[in-house]
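Novice: Take this structure, written in structure tokens, and hold onto it; I'll ask about it next.
The values are calculated or read from the model by the stated rules, or taken from the named source; none is laboratory data. Bear in mind that the values here come from a model prediction, so they are computed numbers and not experimental data. For neighbour counting, all protein chains shown are included, and Cβ atoms are generated from backbone atoms with ideal geometry for every residue, glycine included. Surface accessibility is based on the protein's heavy atoms, side chains included, excluding ligands, DNA and RNA. Shrake-Rupley method; radii C 1.70, N 1.55, O 1.52, S 1.80 Å.
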Amino acid sequence: MATYLQQLLNGVTLGSLYALIAIGYTMVYGILRLINFAHGDIFMWAGYWVFFLVILFRLPWWLSAVCTVAIVALMGVAIERLAYRPLREAPRISLLITAIGVSFLLENLIIVLPWAGGRQKPYPTPSLMTQIYTAGSVRIQGVTIWVPLIAAACLLGLIFLVYKTKVGRAMRAIATDIETTALMGADINRVISYTFLVGSALAAVGGILWGCRYPRLQWDLGIMPGWRAFTAAVIGGIGNIVGAMLGGFLLGLAEILIVAFFPKLSGFRDAFIFAILIFFLLFRPTGILGKTMKEKV
Amino acid sequence: MLEVKNLHVYYGGIHALQGISFSVAEGQVVTLLGANGAGKTTTLRAIMGLVRPQEGSISLNGVSLIGKRPYEIVRMGVSMAPEGRRIFPDLTVLENLLLGAYARTDTVKVQRDLEFVFSLFPRLRERQYQRGGTLSGGEQQMLAVGRALMAGPKLLLLDEPSLGLAPVLITEMYRAFARLKEEGRTILLVEQNARAALSLADYGYVLDTGRIVAQGPTPELRESDLVRQAYLGV
Amino acid sequence: MRPNRILTVFFLLGLAAFIWWGDARLDRFIWRIINFGAIYALAAVGYTMINGVTGQFSLGPHGFMLLGGYLTTLFMLPLHQKKVVWLFTPLSWPFNQFTLPYSGFILALIAGGILAVLASLIVGIPALRALRGDYLAIATFGFGEILYVLACNFMGLTNGPMGVKGIPQYTNLKWSIGALVVLTYAAVRLKNSSFGRALRAIREDELAAESMGINVFRHKLLAFMFSAFCAGVAGGLMATLIGTITPDLFRFFMTFYLLMIIVLGGLGSISGAVVAGFIFAAVFEALRFVDTAVVPGMRMVVFSVLLILVMLFFRRGLFGREEFTWEWVFQGVRRAWRGAWTKTK
Amino acid sequence: MDKNEVILSLQSLTMKFGGLVAVRDFSMDIRYGELVGLIGPNGAGKTTIFNMITGHYRPTAGKVIFEGRDITGLPPWQVARLGISRTFQNIRLCREMTALENVLISFHPRVRSTVFDAILPTPRYLREERKMRERGMELLSAVGLEKWANFRAGALPYGLQRRVEIARALATSPKLLLLDEPAAGMNPAEAADLMNFIRHIRETFNLTIFLIEHVMQVVMGICPRIRVIDFGVSIAEGTPEEIKNNPKVIEAYLGEEALRA
């Protein structure tokens, strides 16, 4: 019983991390119809920023975390401004290729940076996260409690932003019809910047928490979580924010359960992820919550 | 109020507007008539900054609109209910309406305008928490018009508000427009439904393949065979 | 014979002479670069057929190269080396039973290509029917990654992440440029044929093409199979050039390189892919000093920035969608000549 | 060929998109050699009917019978091979290809050579390709485009693009040609020109033509029989004269009589 609970909690923790990253994919896709390849690397950079700020600048951990969220959010906005916005009128494939380029740039910048480099670096985990809590026979690490809580708070904040504020309304509107949203008097470019800001900030929170759970930093750390989160977004119905959260939790749970109960298959874990992704694309491209759209002739 | 001079627009290889000029005075309802492909929608899109004219000028109260982005034009006091309604199906009716007031900060006035829209289209009040996509065609058209009104425009552009609507609903729609007219609103109305438009407007222009072929006060236009000819080829 | 044909014949004769001379005398470093260039160009020619000519965005060529690379390795690795490499998990039947002599190299390469084609059917039949645009890109990418994971885990065939060492270095200019010439010729013929017109029509307007009676799915699949074949052969050549193979050799960055090449060459231009393939290999090696002298990884930074800049400011690439023709060269020479003339005046 | 035999029979076609009924219970028979017009205000569902015939949409209910064969739900490329070809409301040419190449695309489904013939190339392939080009040029001359054969289709003036699109449709050797608003974006003189052209190709190629327009005067001139739809429902059918004086039609186009007051 205790192990089940343990694994369940692990699954929830992992799932909430995926959910945080998946939001960024799903929001950007909803608006620009772009699979933002660089999003996973944005997430990875968040871990490194905490590392830079704590180790190099000797800032307190909580301050580093806050600064990281701000910096990474601005990175997302800058990427959109410099690399994606000039291609607004271009074919979508050009946008995708550019995103792949940005992704490679972000990864290799880490390798090149003197303070980071290609080798693994330790992530500065605060003691709060490593502390062990015991409840009866169940021993729980701080991360397992704090990660889902912080994630839940962020996701609630996001839901509030998207469903209750003016900008949120514009974000949802822009996803269905950019031109008409412009007719409402909304500055499209600004709304898109906000979207990247929010998506990247959530990815940053995800990256900071990810480090607490898996305290090793490496340049390629964003790739696989990125793909899993993207898969989560597809499962939930890409473009659908609640769907992305749901997909994240489902995928996190499924992954932990597979690894826990079929340890022999854990080497194939990534293959399963991509198989699920391809399966959904082929047979249910709108995901669990998505709607079908018909191409106009 | 609105002054369009010698407007030329090329659109996907077509010379869609071939030098049209017209004006809308304050408090007037002006209609642009014409068959499809005549360039009516293109004219409105050019005013809203959605297409860039190759030549000509558009000015609102003497300020040029050329080169301005759509949101800037909305903030200058022009708003449009686009062709085909284009409401946001996933947002509720209320959210659609509030989005129409996106650029405005004076909450008191926005609230007052909301009340006005609800009084104009009581059905929207009943359905304010329903998703836009669940509305019927007529209700969606009301929503589109209401949403455009929420911008508090000096000039309201209506693009084919009767398109795809049953006759009863068209009547209802035009009753609402008549009320707007009574209030002294300035409206530029684009229509295929000539009779409906002429029943409302003060002045009309007839467009044919990118040119203005006739204009005049509506009583004159209504009596002329020109409209009938333009539509039916009789 | 038309003068262009004669020029082409002379060009090919010159190429043959160069290969004959180069395999024997050329500086090994440059020899290696040219080999790599030819292999990249070969894979890129196939890749541009599906991505550029047909306009169907695949991100999976690294997977096809991996298949070709491993199959060629399994065919060509000497038996004694097979015993040394597969220490922990024995090599599966039938590959533990035989090895091909050098004379069988061409068979191994073709087999690698065919295996890649079979794999392309597995992913292509469902994916090309149902998906387009970035969804297709993701599905093909996922397939490539699945192959990577399988390569890491099926120890009995691949020896896992440690990879295989001691592959005889059979690839030389004769093979790499030979394969490039043959498959480029096929690609050019295909592109200019009625089939190629159908492929281009699909890129320009899939719906219109379908309305004119073209079985869009079959033609997409045709282009996809061709690209897989080129990738499979290129993978085989690459493994037998480097002498070792690991799953990491054919990870996504390989597709990234190819993407760079076809974008730089001009999406849809076969000659562009060839030229850019050689340029890429040369620059890649030339920038090696940056990696060793400055910081490791700098090369990739340069390349990613380059890719982004090409997409932002130079989307047509070197060739646009045009192809190399002799007329084009003549015109260029004439213009340069005239330019020089007016300048001296 | 019996003039009275039905080539295309549409039986109670209905198309729903979500809750919206775009076309309701539409039935119509077209006979060999006829030139029939389908008109109606914008958004009336005309193009949707075409899309159901050509297989771009699968009708929610109803059947499409072509030459006695049920073709409901066949994919567009098969419908095209059976002998139904079409043009599009907003011209869909392969803009980067030449006018001739656009026409050649339509010949491709009947190419006998294999891919390997094309790669090698075998004499059989070369002969076929040469023949195809000859026939493509013939077709372009027949529609008066021979001068433009090697121009990029996207660079041609609008009216000529329309002709290239029609030529491309003709190259599939259709028995039935569907034209979706061929006169859209043309001034009256150009439109009149086009109508003559349509009459001309109908005679030259012995075609049955089904034509969508919403500009009435364009159709009136050439179609002996016209069907009018509004809100996805047929409201009238008859000769131009009958249609012109049909009160329902006038109402659909000009708006409700009651609003006159």
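Novice: Could you list all residues from the stretch D:1-46 that are among the aromatic types (Phe, Trp, Tyr) and within 13 Å of another protein chain (Cβ to nearest Cβ)?
Specialist: Residue satisfying the conditions is D:17 alone.
Novice: Counting only residues that are within 14 Å of another protein chain (Cβ to nearest Cβ) and either open to solvent by 10 Å² or more (accessible area, probe 1.4 Å) or modelled with pLDDT under 90 (or both), how many does the stretch A:109-147 have?
Specialist: Number of matching residues: 10.
Novice: Just for the stretch A:281-292: of the residues that are over 15 Å from residue A:246 (Cα atoms) and crowded, with 16+ Cβ neighbours inside 10 Å, which one is modelled with the lowest pLDDT?
Specialist: A:285
Novice: Being modelled with pLDDT under 95 and in contact with a strand residue (DSSP E or B) (Cβ under 7 Å, 6 or more places away or on another chain) is true for just one of D:68, D:45. Which residue is that?
Specialist: On inspection, the qualifying residue turns out to be D:45.
Novice: Out of B:195, B:179, B:175, which single residue is away from chain D (no Cβ under 13 Å) and of a type outside the set (Gly, Ala, Ser)?
Specialist: B:179
Novice: Listed residues C:60, C:37; which is modelled with pLDDT under 95, touching a Phe, Trp or Tyr at 6+ places or on another chain (Cβ under 6 Å) and small (Gly, Ala, Ser)?
Specialist: On the way: C:37 fails: modelled with pLDDT under 95.
So the residue among C:60, C:37 that is modelled with pLDDT under 95, touching a Phe, Trp or Tyr at 6+ places or on another chain (Cβ under 6 Å) and small (Gly, Ala, Ser) is C:60.
Novice: In the stretch D:111-154, which residues are within 27 Å of residue D:82 (Cβ to Cβ) and in contact (Cβ under 8 Å) with a residue 40 or more places away in the chain?
Specialist: Selection gives D:140, D:142, D:143, D:145, D:153.
Novice: Residues of the stretch C:296-319 being outside any helix (DSSP H, G or I) and open to solvent by 40 Å² or more (accessible area, probe 1.4 Å), which ones?
Specialist: Selection gives C:296, C:314, C:315, C:316, C:318.
Novice: Return yes when residue C:141 is aromatic (Phe, Trp, Tyr) and assigned to a helix (DSSP H, G or I) and no when it is not.
Specialist: yes
Novice: Right, here's the next one. Does the stretch D:156-188 hold any residues that are more than 9 Å from chain B (Cβ to nearest Cβ), under 19 Å from residue B:16 (Cβ atoms) and among the aliphatic types (A, V, I, L, M), and which are they?
Specialist: Within the stretch D:156-188, just D:160 meets the criteria.
Novice: Okay, moving on. Tell me which residues, restricted to the stretch C:44-66, are in a helix (DSSP H, G or I) and under 27 Å from residue C:209 (Cβ atoms).
Specialist: Passing the criteria: C:44, C:45, C:46, C:47, C:48, C:49, C:50, C:51, C:52, C:53, C:61, C:64.
Novice: Given the criteria in a helix (DSSP H, G or I) and touching a helix residue (DSSP H, G or I) at 6+ places or on another chain (Cβ under 8 Å), does residue C:96 qualify?
Specialist: No.
Novice: Is it fair to say residue A:85 is assigned to a helix (DSSP H, G or I) and of a type in the set (D, E, K, R)?
Specialist: The answer is yes for residue A:85.
Novice: Can you tell me which of A:243, A:211 is part of a helix (DSSP H, G or I), of a type outside the set (A, V, I, L, M), closer than 24 Å to residue C:141 by Cα and at pLDDT below 95?
Specialist: Within the list A:243, A:211, the selection yields A:243.
Novice: Can you name every residue in the stretch D:157-177 that is open to solvent by less than 10 Å² (accessible area, probe 1.4 Å) and either part of a strand (DSSP E or B) or more than 17 Å from residue D:108 (Cα to Cα) (or both)?
Specialist: D:162, D:176, D:177
Novice: Further question on the same structure: Consider only pairs whose beta carbons are under 7 Å apart and that are at least six residues apart or on different chains; among these, list those whose first residue lies in the stretch A:148-174 and is at the interface with chain B (Cβ under 10 Å from one of its Cβ atoms) and closer than 20 Å to residue A:246 by Cα and whose second residue is of a type in the set (A, V, I, L, M, F, W, C) and part of a helix (DSSP H, G or I).
Specialist: Pairs that qualify, where the first residue is at the interface with chain B (Cβ under 10 Å from one of its Cβ atoms) and closer than 20 Å to residue A:246 by Cα and the partner is of a type in the set (A, V, I, L, M, F, W, C) and part of a helix (DSSP H, G or I), are A:168/A:161; A:168/A:162; A:172/A:162.
Novice: Does residue C:329 qualify as being more than 8 Å from chain A (Cβ to nearest Cβ), more than 28 Å from residue A:80 (Cβ to Cβ) and assigned to a helix (DSSP H, G or I)?
Specialist: Values: more than 8 Å from chain A (Cβ to nearest Cβ): yes; more than 28 Å from residue A:80 (Cβ to Cβ): yes; assigned to a helix (DSSP H, G or I): yes.
Yes: the conditions hold for residue C:329.
Novice: Going through the stretch C:257-299 one residue at a time, which ones are free of Cβ contacts under 8 Å to residues at least 12 places away in the same chain and within 12 Å of chain A (Cβ to nearest Cβ)?
Specialist: C:291, C:294, C:295, C:296, C:297, C:298
Novice: Another question about this same structure. Would you call residue B:133 open to solvent by 10 Å² or more (accessible area, probe 1.4 Å), out of contact with any strand residue (DSSP E or B) (no Cβ under 7 Å at 6 or more places or on another chain), within 11 Å of chain A (Cβ to nearest Cβ) and under 21 Å from residue A:164 (Cα atoms)?
Specialist: Answer is yes for this residue.
Novice: From the list A:31, A:42, A:35, A:21, which one is open to solvent by less than 20 Å² (accessible area, probe 1.4 Å), in contact (Cβ under 8 Å) with a residue 12 or more places away in the chain and not in a helix (DSSP H, G or I)?
Specialist: Details: A:31 fails: not in a helix (DSSP H, G or I); A:42 fails: not in a helix (DSSP H, G or I); A:21 fails: not in a helix (DSSP H, G or I).
The unique qualifying residue is A:35.
Novice: Return the residues of the stretch B:103-140 that are touching a Phe, Trp or Tyr at 6+ places or on another chain (Cβ under 9 Å) and aliphatic (A, V, I, L, M); say none if nothing qualifies.
Specialist: Those that are touching a Phe, Trp or Tyr at 6+ places or on another chain (Cβ under 9 Å) and aliphatic (A, V, I, L, M): B:103, B:124.
Novice: Out of C:153, C:159, I need the residue that is within 9 Å of another protein chain (Cβ to nearest Cβ), over 22 Å from the mean Cα position of the chain (by Cα) and either buried (at least 20 other Cβ atoms within 10 Å of the Cβ) or without any contact (Cβ under 8 Å) to a residue 60 or more places away in the chain (or both). Which one?
Specialist: The conditions single out C:153.
Novice: State the number of residues belonging to the stretch D:174-226 that are closer than 23 Å to residue D:245 by Cβ and of a type in the set (D, E, K, R).
Specialist: Total meeting the criteria: 2.
Novice: Residues in the stretch C:166-215 that are under 22 Å from residue C:270 (Cβ atoms), part of a helix (DSSP H, G or I) and within 7 Å of chain D (Cβ to nearest Cβ): how many?
Specialist: Qualifying residue count for the region: 11.
Novice: Of the residues that sit in the stretch D:20-64 and are of a type in the set (D, E, K, R) and in contact with an Asp or Glu (Cβ under 8 Å, 6 or more places away or on another chain), which one is farthest from residue D:204 (Cα to Cα)?
Specialist: At the first step, the residues of the stretch D:20-64 found to be of a type in the set (D, E, K, R) are D:24-25, D:29, D:31, D:34, D:46, D:58, D:63.
Those left that are additionally in contact with an Asp or Glu (Cβ under 8 Å, 6 or more places away or on another chain): D:31, D:46, D:63.
Values: D:31: 18, D:46: 27, D:63: 31 Å.
Going through the qualifying residues, I end up with D:63.
Novice: Let me ask something else. Select from the stretch B:131-190 the residues that are assigned to a loop (DSSP other than H, G, I, E, B) and free of Cβ contacts under 8 Å to residues at least 12 places away in the same chain and list them in ascending order.
Specialist: B:136, B:183 - these are the residues of the stretch B:131-190 that are assigned to a loop (DSSP other than H, G, I, E, B) and free of Cβ contacts under 8 Å to residues at least 12 places away in the same chain.
Novice: Residue A:90 passes all but one of (1) in a helix (DSSP H, G or I); (2) within 14 Å of chain C (Cβ to nearest Cβ); which number fails?
Specialist: So residue A:90 meets the others, but not (1).
Novice: Identify all residues within the stretch D:192-216 that are within 14 Å of another protein chain (Cβ to nearest Cβ), surrounded by 21 or more Cβ atoms within 10 Å (Cβ to Cβ) and either part of a helix (DSSP H, G or I) or modelled with pLDDT of 85 or more (or both); write none if there are none.
Specialist: The answer is D:195, D:212, D:216.
Novice: Still on this structure, please answer the following. Within the bounds of the stretch C:324-333, is there any residue that is within 20 Å of residue C:41 (Cβ to Cβ) and within 20 Å of the chain's Cα centre (by Cα)?
Specialist: Checked the stretch C:324-333: at least one residue is within 20 Å of residue C:41 (Cβ to Cβ) and within 20 Å of the chain's Cα centre (by Cα).
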